[in-house]
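Visitor: What follows is a single structure, and I will ask about it in a moment.
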Amino acid sequence: ESVRPADGMQTYLGAAGHVVILSAGAETYLHVHPADESAPGPEARFRTAFPTPGLYKIWGQFQREGRLMTVSFVVKV
């Protein structure tokens, strides 16, 4: 099955999405906006620099058809 862009994406708080990152011990908190804040979506690219290696939980928030969606995952840096 091919991957298709999500339709009905809308800006949320003025951007295609927002990302919050928290280190495993909660010492580091990052709030990341899309690299191109003027892009309306459905594609949003986020860039950040992690200050130290370790585990980080990432939450992304996006709005589609008036509904806020939050997705989360964990990465090892």
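The values are calculated or read from the model by the stated rules, or taken from the named source; none is laboratory data. A quick note: this is a predicted structure, and the numbers were derived from the prediction, not measured. Every residue, glycine as well, gets a Cβ built from its backbone with ideal geometry; the counts of neighbours run over all protein chains shown.
Visitor: In segment 1-42, which residue that is loosely packed, with under 15 Cβ neighbours inside 10 Å and under 12 Å from residue 61 (Cβ atoms) is modelled with the highest pLDDT? Before you say what the answer is, go through the steps one by one.
Guide: First pass over segment 1-42, keeping only residues loosely packed, with under 15 Cβ neighbours inside 10 Å: 1-8, 13-14, 24-29, 31, 35-38, 40.
Then drop every residue that is not under 12 Å from residue 61 (Cβ atoms), which leaves 13, 31.
On the way: 13: 87, 31: 95.
This residue is 31.
Visitor: Here's something else I'd like to know. Within segment 30-45, does at least one residue satisfy the condition of being over 16 Å from the mean Cα position of the chain (by Cα) and on the phi > 0 side of the Ramachandran plot?
Guide: No; the residues of segment 30-45 include none that is over 16 Å from the mean Cα position of the chain (by Cα) and on the phi > 0 side of the Ramachandran plot.
Visitor: Exactly one of these conditions fails for residue 58: (1) of a type in the set (A, V, I, L, M); (2) surrounded by 15 or more Cβ atoms within 10 Å (Cβ to Cβ); (3) at pLDDT below 95. Give me its number.
Guide: (3)
Visitor: Mind checking which residues of segment 25-56 are farther than 24 Å from residue 14 by Cβ and among the basic types (Lys, Arg)?
Guide: Matches in segment 25-56: none.
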